[in-house]
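Asks: First the structure, which I've put down as structure tokens, then a few questions once you've had a look.
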Amino acid sequence: MDILQLLSLLVLLSVAVLFIQYYKRRWPVANFPPGPTGWPFIGTIHSIRNEVFIRTIADKLIPRYGNVFSLMQDVPLLIVTGYDAINKVLQSNKGFDFASRKEPMYLLQLHNPNKLGVFLADYSERWQQQRTFAHMTLRGFGFGKTSFEGKITDEVSLLSSHLKDLARVPQDLSTPIYSGVASVMCDTFLGCHYDHNDIEFQHILHILESSFEIYGSKKSVLLDFVPISRPFLKQHAQKIIDMAEEWYAFLMTKISEHQKSFVTDSEPRDFIDCYLAKSLEEPDIFTIEDLKYVLSDLFLGSTETTVNTLKFALLYMVMNPDVQEKVHQESMRVVGPSRLPCLEDRDKLPYTAATIYEIQRLSSVSAYIVRCATVDTTLDGYSIPRGTNVICNTWSLHHDPNIWPDPERFDPSRHLNDKGEMVMSPHVLNFGAGRRVCMGEALAKMELFLFFSSLMHRFKFELPPGREPPSLDSAPGFTGSPFPFEVIIEERL
Ligand code: HEM
């Protein structure tokens, strides 16, 4: 055998070993859910043709492999579709079996290597302690109760006066909506009452918006899922690190300002004060480092999702002027022209509530829920080893023709019963369910109701004449958001 033959044999052997290793990782146990086999190094990344990948995958692969199938990225990943299978993931064994988040997370390792905080933390006692404390504290502030209402209505009034000045000129309302929602969060979490033109406030908005843009980009998806891409995307990874450092430095400045002015046993001014008081009681669990990540989760979890839902709300209203008119008329009848709707009116405005619900169903801003198996378990008869990542495809649940007749039709009345009351459906899972259900659901619902009902009460929104109707699809990104669009605003009152 000459040297060339020997080299060829070595190359062949190496390729064979690579393939064997890959297939062993691809199929970690017998009876693992089916799916495309994929290739070493790139797995099945080629199934992800664009960022709205869940939809693309669902359309292509469900007919072939069923409601529970697997893909190969750096580790095997399950895509779960349909109410029964999703419900099992979120609720089986009291929600314990799939109560962790995605593993391993390259992007996460870049900025939160110890998986601190709430959103991305593994299922653990520490996560439970942080979550319980944050949840109780926010409830104490009055999330979901009327005592919190004032903070939101102040922002609604500011937004309304701003819109009044913009009347009859085509406008993209993304920035005013973002400012209004972010301002409520700054007040609650940091105790900062910013003017919207304040440089620090603008800086926060800039970081929040660019974080979502960069995390939702194609390059970030590649970095996270395809290890072989990482040497080629070092600059992008550095951008993520720089942005995270800037964000955490900002949060640390706010925490140190609070530490300097913190007075034990006095009334807490905001979330940071409550956490500092708790850290005096249990310093090993409630550390400043944990606080930084919890704060970040609250901010990032609350702004983009709420803002994008409100942007979709506006879009669906200009595309469905008859529904917009009905919402306005309901408000006029129940609330009257002399004031704006308040939380007490919520139950008396069922058509408005059903409209918000329909907007959430169709827009599905959190198109999927990411979980990870905490133990070796089973799903739909398949064996699932501990550590398997699972994506619950809530977008297709919200668009399933077997559940929603004519699913793409915008029809709030599908959520009303014979008595005209709004009825929630178990098939709408915008906030997830089970042990990791959204911690801010009550606040989000309050904000959506107050912002939306007040805008519909006071203004009429229309498409600028002669323009192409905007797309109702989601733009690529971390959470679904409409493509940019403009509206004409007319003050009604
Ligand atoms: C329309 C607005 C919102 C939507 C659509 C939304 C959606 C979601 C979803 C789908 C999850 C994952 C649930 C699961 O795994 O079962 C989640 C988790 C979470 N959300 Fe929200 N959310 C919204 C608003 C908020 C707000 C206002 C806050 C903050 C106060 C917040 C904080 C969180 C946190 C901290 C988690 C992680 C919970 C955990 O892992 O234990 N969210 N959210």
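Asks: Could you tell me how many degrees, from 0 to 90 and to the nearest 10, lie between the Cα long axis of helix 3-26 and the main elongation axis, the longest principal axis, of the Cα atoms of the chain?
Replies: So the helix axis and the longest Cα principal axis differ by about 40 degrees.
Asks: Among 85, 118, 108, pick out the residue whose Cα is farthest towards the positive end of the charge dipole of the stretch 62-144, where Lys and Arg carry +1 and Asp and Glu carry -1 on C-beta, about the Cα centre.
Replies: The residue sitting farthest along the positive end of the dipole is 118.
Asks: Moving to a separate point now. Relative to the first principal axis of the alpha-carbon coordinates of the chain, what is the inclination of helix 350-363, with its axis defined by its Cα atoms, in degrees from 0 to 90 and to the nearest 10?
Replies: Once rounded, the angle reads 30 degrees.
Asks: With runs of 4+ DSSP H residues as the only contributors, calculate the mean residue ellipticity of the chain at 222 nm using -39,500 (n - 2.57) per run, divided by the residue total and rounded to the nearest 500.
Replies: -16500 deg cm²/dmol
Asks: Starting at the first residue of the stretch 74-90, write each ³J(HN,Hα) from the Karplus equation 6.51 cos²θ - 1.76 cosθ + 1.60 with θ = phi - 60°, in whole Hz, x for Gly and Pro.
Replies: Those phi angles translate into 5, 9, x, 9, 9, 10, 10, 10, x, 4, 4, 5, 5, 4, 5, 4, 6 Hz.
Asks: OK, next. If you average over every viewing direction, what projected area does the convex hull of the Cα atoms of the stretch 338-416 give, in nm²?
Replies: Average projection, Cα convex hull of the stretch 338-416: 8.0 nm².
Asks: By accessible area of protein heavy atoms, probe 1.4 Å, what ranking do 318, 11 get, highest first?
Replies: Descending order: 11, 318.
Asks: Okay, next question. State to the nearest 20 debye the size of the charge dipole of the stretch 108-173 about its Cα centre, where the only charges are +1 on K and R beta carbons and -1 on D and E beta carbons.
Replies: The calculation lands at about 160 debye.
Asks: Length gain on complete extension for the stretch residue 199 to residue 164, per 0.36 nm per residue less the alpha carbon to alpha carbon distance?
Replies: Stretched out fully, the residue 199 to residue 164 stretch lengthens by 10.2 nm.
Asks: According to the square roots a ≥ b ≥ c of the eigenvalues of the Cα gyration tensor, what is the shape class of the stretch 260-418, taking rounded for a/c under 1.5, prolate for a/b larger than b/c otherwise, and oblate for the remainder?
Replies: oblate
Asks: Leaving ligands, DNA and RNA out of it, report the carbon-plus-sulfur percent of the accessible area of the stretch 356-493 at a 1.4 Å probe.
Replies: Carbon-and-sulfur percentage of accessible area, whole number: 53.
Asks: A follow-up question, please. Just the number, please: percent antiparallel of the DSSP beta bridges in the chain, rounded to the nearest 5.
Replies: 85
Asks: Let me ask something additional. Using the alpha-carbon atoms, what tilt in degrees (0 to 90, nearest 10) does helix 199-215 show relative to the longest principal axis of the chain?
Replies: 40
Asks: Given the peptides 271-284, 439-452, arrange them by the average over their residues of other C-beta atoms within 10 Å, most packed first.
Replies: The densest-packed peptide leads the list: 439-452, 271-284.
Asks: Ordering 17, 323, 375 by accessible area with a probe of 1.4 Å, largest first, what comes out?
Replies: From most exposed to least exposed: 17, 375, 323.
Asks: If you average over every viewing direction, what projected area does the convex hull of the Cα atoms of the chain give, in nm²?
Replies: Across all orientations, the chain yields a mean hull projection of 27.8 nm².
Asks: Shifting gears a bit: Taking the full set of protein chains and a 1.4 angstrom probe, give the accessible area of residue 206 in square angstrom, rounded to the nearest 10.
Replies: Answer for residue 206: close to 110 Å² accessible.
Asks: Separation between the residue 322 and residue 259 pseudo-spin-labels, each 7 Å from Cα along Cα→Cβ, expressed in nm?
Replies: Placing both labels 7 Å beyond Cα along the Cβ direction yields 6.1 nm.
Asks: Label residue 124 and residue 386 with points 7 Å out from Cα along Cα→Cβ: what is the distance between them in nm?
Replies: 1.4
Asks: What does the accessible area per residue of the chain come to in Å², with a 1.4 Å probe and no ligands, DNA or RNA counted?
Replies: Result: 45 Å² of accessible area for each residue.
Asks: Could you tell me which residue out of 434, 453, 471 lies farthest along the dipole of the stretch 367-493 toward its positive end? Charges go on the beta carbon: Lys and Arg +1, Asp and Glu -1, centred on the Cα centre.
Replies: Going by the charge dipole, the pick is 434.
Asks: Dipole of the stretch 168-280, Cα-centred, from +1 at each Lys and Arg C-beta and -1 at each Asp and Glu C-beta, to the nearest 20 debye?
Replies: Taking the Cα centre of the stretch 168-280 as origin, the dipole is about 580 debye.
Asks: Still on this structure, please answer the following. Counting only protein heavy atoms, what percent of the accessible surface of the stretch 87-160 is carbon or sulfur at a 1.4 Å probe?
Replies: Details: 1820 of 3370 Å².
For the stretch 87-160, the apolar C and S fraction of the accessible surface comes to 54 percent.
Asks: Give me the accessible area of residue 218, 1.4 Å probe, in Å² rounded to the nearest 10.
Replies: My reading of the accessible area for residue 218 is about 110 Å².
Asks: Do the alpha carbons of any pairs in 151/260; 278/348; 88/292 sit beyond 31 Å of each other, and which pairs?
Replies: 278/348; 88/292
Asks: Could you rank 304, 408 by how accessible they are, 1.4 Å probe, largest area first?
Replies: 408, 304
Asks: On to the next question. Quick check: pseudo-label points 7 Å beyond the Cα along Cα→Cβ at residue 475 and residue 9, how many nm apart are they?
Replies: Placing both labels 7 Å beyond Cα along the Cβ direction yields 5.9 nm.
Asks: With all protein chains present, how much of the accessible area of the stretch 243-289 (probe radius 1.4 Å) comes from carbon and sulfur, to the nearest whole percent?
Replies: Here carbon and sulfur together make up 53 percent of the probe-accessible area.
Asks: Where nothing but the Cβ of Lys and Arg (+1) and of Asp and Glu (-1) is charged, how large is the charge dipole of the chain around its Cα centre, in debye to the nearest 20?
Replies: Roughly 1260 debye for the chain.
The values are calculated or read from the model by the stated rules, or taken from the named source; none is laboratory data. Since we're looking at a predicted model, the values are computed, not measured. Backbone-built Cβ (ideal geometry, glycine too); neighbour counts: all protein chains shown. Surface accessibility is based on the protein's heavy atoms, side chains included, excluding ligands, DNA and RNA. Shrake-Rupley method; radii C 1.70, N 1.55, O 1.52, S 1.80 Å.
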